[in-house]
1. Using r as the Cβ-Cβ distance of ASP314 and GLU256, and R0 as 41 Å, what FRET efficiency do you calculate, to the nearest 0.05?
2. Compute the separation of the alpha-carbon centres of segment 85-137 and segment 16-60 and state it in Å as a whole number.
3. Could you tell me the center-to-center distance, by alpha carbons, between segment 294-317 and segment 346-392 in angstrom?
4. Would you mind counting up the charge near VAL228? Only other residues with Cβ under 12 Å from its Cβ, with Lys and Arg at +1 and Asp and Glu at -1.
5. Mind checking the alpha-carbon convex hull of segment 117-234 and giving the volume per residue in Å³?
6. Mind checking the angle between helix 64-91 and the chain's longest principal axis? C-alpha axes, 0 to 90 degrees, to the nearest 10.
7. In whole Hz, with x marking every Gly and Pro, tabulate ³J(HN,Hα) for segment 375-388 from phi via Karplus 6.51 cos²θ - 1.76 cosθ + 1.60, θ = phi - 60°.
8. Using the Cα atoms of the chain, I'd like the radius of gyration and the largest Cα-Cα distance, Dmax, both in angstrom.
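Any read-out appearing in this document is the output of simple, stated calculations on the displayed coordinates, not a laboratory observation. In this text, all values refer to a predicted model and were calculated from it rather than measured experimentally. Note that each Cβ is placed from the backbone with ideal geometry, even for glycine, and that neighbours are counted across all protein chains shown.
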Amino acid sequence: MALIVHKYGGTSMGSTERIRNVAKRVAKWARAGHQMVVVPSAMSGETNRLLGLAKDLAPAKPGDAYSRELDMLAATGEQASSALLAIALQAEGMQSVSYAGWQVPIRTNNAYTKARIESIDDVRVRADLAHGKVVIVTGFQGVDDQGNITTLGRGGSDTSAVAVAAAMKAAECMIYTDVDGVYTTDPRVVADARRLTTVSFEEMLEMASMGSKVLQIRSVEFAGKYRVPLRVLSSFTEWDIDINEEAKSGTLITFEEDEKMEQAVVSGIAFNRDEAKISVMGVPDKPGIAAQILGAVADANIEVDMIIQNLSKDGKTDFSFTVNRGEYAKTVDMLKTKVLPSLGAEEVVGDTKICKVSIVGIGMRSHVGIASRMFRVLSEEGINIQMISTSEIKTSVVIDEKYMELAVRALHKAFDLDQPPS
Ligand code: ADP
Ligand code: ASP
Ligand code: MG
C-alpha cells in the first residue's frame with residue numbers, strides 16, 4: 001500500500017462524464033489498497049472564462065487590488081471541480097472529501113497570480129487518509145499569511161500536485177493529461193512526434209522552461225528538489241485498464257542519468273510564443289549600461305529572458321532582450337519614460353511577433369556541433385535567427401513567429417526525433 005497523488009488536468013475534468021471517469025479510475029486505485037490524494041484542475045475553459053469576465057469589466061491593472069480579485073475569482077474553478085470529483089467518488093461508494101487550498105492550508109507568498117508555495121500542512125489530509133477517505137485538494141491555489149487566496153500561475157495545478165506529493169512523501173505523483181506522456185515535441189504540432197518512456201529531470205526542466213506546457217516549470221523544480229517520482233500519463237485510457245499496466249505507462253521523469261534508456265543527442269524540441277523582443281537603440285557604450293536598463297526592468301518586477309548587446313560603433317550600441325509578451329507594453333512604456341532620458345539612448349523599439357525554439361538534450365554535453373547543425377537547418381529553410389542563447393544541454397533561437405511550425409518540424413526531422421533511438 002502506498003500514498004499516491006493523482007493530478008487531473010482541465011480536459012480530463014472537462015465534463016461530468018469525464019469527472020465520473022476520473023472518479024472510477026481513482027476508486028480503482030483506492031480499492032487496490034493505495035492512499036489517494038487527488039489534485040484536479042478547473043474544468044477545461046473555466047479559468048479562461050472567469051478571467052475573461054474580469055477583463056470585460058475592467059482591463060488588467062498593475063497593483064495588488066485587481067490581481068487579488070483575479071485570484072479570488074480564478075480559484076473558484078478548482079473549488080468547483082474538486083467538489084464535483086468528491087461527489088462523483090461518493091457516488092462510486094468511496095468516502096471522499098475536498099479541500100480548497102486555504103483549508104489544507106497550502107501556504108504561499110503574496111505574489112497574486114504567480115504565487116509560490118512556501119509550505120503545506122498535511123495534518124488534515126493525513127487524518128482523512130487514515131480514516132480511509134480519498135482526499136481531493138484543489139490545484140492552482142493557496143493562501144498567503146494574511147488569509148488572502150492566491151493562485152500559482154497558469155498551469156499551476158501541476159505544481160500543487162507535486163508539492164502535495166513532496167510534502168506527504170508520496171510514492172509517486174501521477175500527472176494525468178490529454179496526451180499519453182511527454183513527447184519529443186508537442187504532438188499537436190508535429191504529427192510524428194514520439195513519446196519518451198523516460199526523460200531525465202534536467203531535460204524535462206529545460207523543456208518546461210523553454211515552453212513545453214505539458215508540465216508547469218515549477219512542478220519540475222519541486223520534483224527535482226524533493227526527488228518526487230513523477231509520471232505523465234493519459235486520462236483517456238479506459239478507466240478499468242489493468243492497474244499494473246497503467247502504473248508503468250506514460251513517461252517517467254528520472255533523476256539518475258544512467259537510468260536513461262534512450263540516449264539521443266537531442267531529446268526534444270520546445271517552443272514558446274509567449275515572449276516579445278525589446279531593443280534600446282543608440283545606447284552610449286560605457287560601463288553600467290546593462291545594469292541601468294535591466295536594473296530598471298527588474299525593479300518593475302519584470303522577468304527578462306534572453307539578452308544581447310551588440311558591438312558598438314561610434315561609441316553607441318544596441319541592447320536587446322526578451323520579456324513575457326503580457327509585459328511588453330508595460331516594459332516599453334517604463335523604458336521610454338524612466339530610462340531613455342537619463343540613459344541618453346535614441347529610441348526603444350520592439351517586436352511581439354517572435355517565438356523561441358529550443359533543442360534540448362543531455363547528449364549535447366558530449367557532442368560538439370549540435371548548435372551549428374541547428375543553425376544550418378534553419379538557414380536551409382530560409383529562417384532568419386534574431387537571437388541565440390545556449391546552455392550545457394540546450395540551444396535556443398528567437399525567430400519570426402510565422403516560421404515557428406516550419407522550424408520545429410524541420411529540426412524534429414533533422415535530429416531524427418521521429419526515429420526510435422538506436
Ligand atoms: P492539462 O490540462 O492536463 O494540464 P496541458 O494542456 O496543460 O494539459 O498540457 C498538455 C498539453 O501539452 C498537450 O495537449 C500538448 O499539446 C502539450 N505539449 C507541449 N509540448 C509537449 C510535449 N513535449 N509532450 C507532450 N505534450 C506536449
Ligand atoms: N486552471 C488553471 C489554468 O487553467 C491551472 C491548471 O489548469 O493547471 O491555468
Ligand atoms: Mg497543464
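1. Efficiency computed from Cβ-Cβ geometry: 0.15.
2. Comparing the Cα centres of segment 85-137 and segment 16-60, I get a distance of 13 Å.
3. Cα centres, segment 294-317 to segment 346-392: 19 Å.
4. +2
5. Convex hull volume per residue, Cα atoms: 114 Å³.
6. Around 30 degrees separate the two axes.
7. Each residue of segment 375-388 in turn: 5, 5, 4, 5, 5, 5, 8, x, 9, 7, 9, 9, 8, 9 Hz.
8. 22.9, 78
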